[in-house]
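First comes the structure, then the notes that go with it.
The values are calculated or read from the model by the stated rules, or taken from the named source; none is laboratory data. Source: prediction; values computed, not measured. All Cβ positions, glycine included, derive from the backbone under ideal geometry; neighbour counts span all protein chains shown. Each accessible area value is taken on the protein alone, full model and side chains, heavy atoms only, with ligands, DNA and RNA left out. Shrake-Rupley method; radii C 1.70, N 1.55, O 1.52, S 1.80 Å.
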Amino acid sequence: MRSRICGTGSALPKREVTNDDLSKIMDTSDEWIKSRTGIGARHLAVEETLTQLAAQAASQALQEAGVRSEELDMIIAATLSADNILPSLSCELQRELGAKNAVAFDINAACSGFLFALQTADAYIRCGQCQKILIVGGEILSKMVDWNDRSTCVLFGDGAGAAVIQGSETPGILSSVSGSDGAKGEALFCKNRENHNPYVKGATEVSYVSMNGQEVYKFAVRTVPKAILEAVNKAGLLIEDIDLFVLHQANMRIIESVSKRLKVPIEKFPVNLETCGNISAGSVPVLLDAVNQKGMLKKGDKIVLAGFGAGLSWGACVLVW
Ligand code: ACO
């Protein structure tokens, strides 16, 4: 048994905040942000919870797939910013959707999270344990960034995307690669909450999201093309066979560098940075849904999905639409 994506969905918070809006509350400019990242605006959750955004995205994906929520065997949510520590986003989502037959768990792999969720769903279906799985990637990072740190808070946006994965006789997902490099974890981190355990001496370290942008840039431009090539080889294809590259939307310069290193025209790399910023685990599924809804995916098209980020971690999949 193989697995394929048979429905997608996405949801963004109502409040759109442009670079010019940000320049009114901090020392930044549209020119600085756009020229370095390609980001023009982002949606920030003011009224919405992540569970609500994820449920909206999931309902669309289920509808497109023609799957009822009770038919789901599993829900996997990729996030690092769930509404609660407990219960998980996936369990909240199960309740919202009434997906009472699904086992639900979260994956925290930052911007690689959706790829890891997809690969996990594929493995569960291939081994015969599940038939229908909902995967979601979503974040409300606006509550985890330091709004006094202009070098990080301008980069991120909120939102959620979803896909339904089903067992199929014909292959959808052709190959997967993934990796982690915990030794370089300090390039992008967010420390935990305060520890009030009376037996622990000294203050615990807490922080907002903190990033060494140049280290992350170097990691991404070296690792992502390699992972994509490996996945394409594993699928028995050539890079020229791929119709579309749906990459994690961190930064336009990273996407341009990947396109150059792979010698693939930039037109094959759709982007939504201009309106969405970096949605971490939500960025790949939100963009995948956008290209799907725009009719840019034809049956039989070969697509690469790739995520990369904190951990450090990365993942790539080749699939046939
Ligand atoms: N507005 C105006 N000026 C700013 C801003 C801002 N928002 N942020 C920083 N600056 C200033 C800095 O203070 C610094 O000023 P100084 O020279 O007077 O000290 C100057 O701009 C340069 O700052 P750098 O941090 O060195 O900026 P850099 O050119 O490296 O660009 C960026 C930062 C865009 C993040 C870059 O490092 C990059 O592209 N990194 C890739 C990683 C990435 O995109 N990460 C996203 C999240 S991780 C992920 O999703 C995988």
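Over the range 119-178, what number does the Rg to Rh ratio reach, with both radii from the alpha-carbon atoms and Rh per Kirkwood?
Checking Rg against Rh, the ratio lands at 1.20.
With every protein chain present, what is the per residue accessible area of the range 1-158 (1.4 Å probe, Å²)?
I get 42 Å² per residue for the range 1-158.
Give me the orientation-averaged projected area of the Cα convex hull of the range 69-128, in nm², one decimal.
That works out to 4.0 nm², a quarter of the Cα hull's surface.
Mind checking Rg over Rh on the range 186-227, alpha carbons, Kirkwood formula for Rh?
Ratio of gyration radius to Kirkwood radius for the range 186-227: 1.25.
Using square roots of five times the C-alpha gyration tensor eigenvalues, list the equivalent-ellipsoid semi-axes of the chain in whole Å, biggest first.
Three semi-axes, in Å: 29, 24, 19.
Using the heavy atoms of the protein chains alone and a 1.4 angstrom probe, what is the accessible area of the range 211-321 per residue in square angstrom?
41
Measuring from a point 7 Å past the Cα of ARG2 along Cα-to-C-beta, which residues in the range 163-180 have an amide N at less than 11 Å?
The answer is 168-175, whose backbone nitrogens lie closer than 11 Å to the label point.
Which pairs break 32 Å Cα to Cα here: LYS234/LYS294; LYS143/LYS299; LYS14/LYS184; LYS24/LYS201; LYS24/LYS184?
Check vs 32 Å cut-off fails for LYS143/LYS299; LYS14/LYS184; LYS24/LYS201; LYS24/LYS184.
Summing Lys, Arg as +1 and Asp, Glu as -1, what charge do residues with Cβ under 13 Å from the Cβ of GLY282 carry, GLY282 excluded?
Net local charge, GLY282 excluded: -3.
Near LYS100, which lysines are there with a Cα under 21 Å away, not counting those fewer than 8 places off in the same chain?
LYS132
Quick one: pull the percent of accessible area on the range 205-321 belonging to carbon and sulfur, 1.4 Å probe, ligands and nucleic acids left out.
Of all accessible area on the range 205-321, carbon and sulfur atoms account for 52 percent.
Using amide H atoms built 1.01 Å from N in the peptide plane, name the residues 5+ places from LEU174, or on other chains, whose amide H lies under 5 Å from its own.
Under 5 Å from the amide H of LEU174 lie the amide H atoms of VAL318, LEU319, VAL320, each far enough along the sequence or on another chain.
Could you give me the ³J(HN,Hα) list for the range 294-302, computed from phi with Karplus coefficients 6.51, -1.76, 1.60 and θ = phi - 60°, whole Hz, x at Gly and Pro?
7, x, 7, 10, 9, 4, x, 4, 9
Using the Kirkwood radius over Cα pairs, work out the Stokes-Einstein diffusion coefficient for the range 21-75 at 10 °C and 1.306 mPa s, in µm²/s as a whole number.
For these conditions, the coefficient is 109 µm²/s.
With a 10 Å cut-off between alpha carbons and a GNM built on the chain, which of LEU247, LEU22, LEU273 moves the most?
Among LEU247, LEU22, LEU273, the largest mean-square fluctuation in the Gaussian network model of the chain belongs to LEU22.
I need the phi-derived Karplus couplings for the range 265-276: 6.51 cos²θ - 1.76 cosθ + 1.60, θ = phi - 60°, integer Hz, Gly and Pro marked x.
Running phi through 6.51 cos²θ - 1.76 cosθ + 1.60 with θ = phi - 60° gives x, 4, 4, 7, 10, x, 9, 10, 4, 3, 10, 10 Hz.
Considering the chain as a Gaussian network with a 10 Å cut-off on Cα pairs, which listed residue, VAL271, VAL232, VAL46, attains the greatest mean-square fluctuation?
VAL46
If you plug each phi of the range 205-213 into the Karplus form 6.51 cos²θ - 1.76 cosθ + 1.60 with θ = phi - 60°, what whole-Hz ³J(HN,Hα) values come out, in order, with x for Gly and Pro?
Result, rounded to whole Hz: 7, 10, 7, 8, 4, 9, 9, 9, x.
When N counts the residues of the range 23-113, how does its alpha-carbon radius of gyration compare numerically with 2.2 N^0.38 Å, as a ratio?
It is 1.39.
Note the full-extension length gain between LYS302 and SER59 as 0.36 nm times their separation in residues minus their Cα-Cα distance, in nm to one decimal.
Taking 0.36 nm per residue and subtracting the Cα distance, the gain is 84.9 nm.
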